[in-house]
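Okay, structure first, notes after.
The values are calculated or read from the model by the stated rules, or taken from the named source; none is laboratory data. Note that the coordinates shown come from a computational prediction; the quantities given were computed from them, not determined experimentally. Cβ placement follows ideal geometry from the backbone for every residue including glycine, while neighbour counts extend to all protein chains displayed. SASA here: full protein model, heavy atoms, side chains in, ligands and nucleic acids out. Shrake-Rupley method; radii C 1.70, N 1.55, O 1.52, S 1.80 Å.
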Amino acid sequence: MRDVRLFEREINLIVDEELRMAVKSYMEEATPDYFWTDGASSSGKYHPQFAQGIGGLVRHTKAVVMFAEELLRMSSYAYMRDEYKDYVIAACIIHDSAKYGVEGFDKAEYKNHARNASKAFFDYCTQVMDYLPHYLLLNAVESHMGQWSTDREDRPFTSVDRCVHMADYMASRSFIDIPSISEEWSEIACQWAVENHELPF
């Protein structure tokens with residue numbers, strides 16, 4: 001089930017129209033099919049229950065944006081320029097878009113998923129949209145794993161990086177539950193099934 005309506009609220013948080021359209025088009029056209037159907041964790045160990053199962057990666061992504069919104073209200077991040085806040089939201093939407101490979105599912109690509117997502121978004125924007133994404137956004141996607149990044153150079157450095165990493169970290173805690181995200185996913189999945197006359201997975 002590929003339906004960008006699942007991210008309508010999150011994408012509309014991006015103020016800059018050009019970036020907003022780039023993120024929307026990328027999610028709609030360039031994300032691999034598994035992104036829309038698979039759970040957030042292939043092992044089931046490192047994400048909360050609501051991010052498991054069919055559509056779990058979508059629900060996790062929505063949760064990361066939700067936590068980023070809250071962090072951006074705190075004094076530590078509230079001072080950031082509006083365009084930097086846009087980069088935070090965009091990076092949160094994109095961060096796991098290539099979690100198991102850029103085109104098809106390949107579990108071995110998990111270790112490269114942060115860089116893969118950053119590169120996939122850059123390539124799509126520059127080759128399809130004629131849009132050059134800001135390096136702060138790309139770096140925030142690459143560094144979202146924080147201390148668990150494979151390469152030390154991919155650790156968070158800027159305030160944009162740190163905000164994205166913290167949002168992802170909090171949304172990944174096993175004790176988190178966000179029923180409203182599960183309800184929204186179910187509602188749109190049902191709409192999709194009716195419109196397409198098939199199951200949403």
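So, in the stretch 75-105, how many residues would count as being part of a loop (DSSP other than H, G, I, E, B) and within 26 Å of SER182 (Cβ to Cβ)?
6
I'd like to verify a number: residues in the stretch 124-164 that are open to solvent by 40 Å² or more (accessible area, probe 1.4 Å) and assigned to a helix (DSSP H, G or I), how many?
Total meeting the criteria: 12.
Yes/no matrix, rows are residues, columns are (1) touching a Cys at 6+ places or on another chain (Cβ under 6 Å); (2) in contact (Cβ under 8 Å) with a residue 40 or more places away in the chain:
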site: GLN52; (1), (2): no, no
site: GLY55; (1), (2): no, yes
site: VAL65; (1), (2): yes, yes
site: TYR79; (1), (2): no, no
site: ASP86; (1), (2): no, yes
site: ASP96; (1), (2): no, yes
site: VAL102; (1), (2): no, yes
site: TYR110; (1), (2): no, yes
site: ARG115; (1), (2): no, no
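Among the residues of the stretch 50-65 satisfying the criterion of being open to solvent by 10 Å² or more (accessible area, probe 1.4 Å) and in contact with a Ser or Thr (Cβ under 9 Å, 6 or more places away or on another chain), which is modelled with the lowest pLDDT?
Only one residue tops the list, namely PHE50.
What are the residues in the stretch 98-123 that are surrounded by fewer than 22 Cβ atoms within 10 Å (Cβ to Cβ) and of a type in the set (Phe, Trp, Tyr), if any?
Residues satisfying the conditions are TYR100, PHE105, TYR110, PHE122.
Hey, MET145 hits all of (1) aliphatic (A, V, I, L, M); (2) at pLDDT 85 or above; (3) under 21 Å from VAL23 (Cβ atoms) but one; which does it fall short on?
(2)
Output the residues belonging to the stretch 1-19 that are farther than 22 Å from SER186 by Cα, open to solvent by 10 Å² or more (accessible area, probe 1.4 Å), assigned to a helix (DSSP H, G or I) and in contact (Cβ under 8 Å) with a residue 12 or more places away in the chain.
Passing the criteria: only GLU18.
Just checking, how many residues over the stretch 165-180 are touching a residue at least 12 places away in the same chain (Cβ under 8 Å), more than 20 Å from GLY146 (Cα to Cα) and part of a helix (DSSP H, G or I)?
Total satisfying the criteria: 1.
Taking the condition modelled with pLDDT of 80 or more and in contact with a Cys (Cβ under 9 Å, 6 or more places away or on another chain), does VAL128 pass?
So VAL128 does not fit the description; no.
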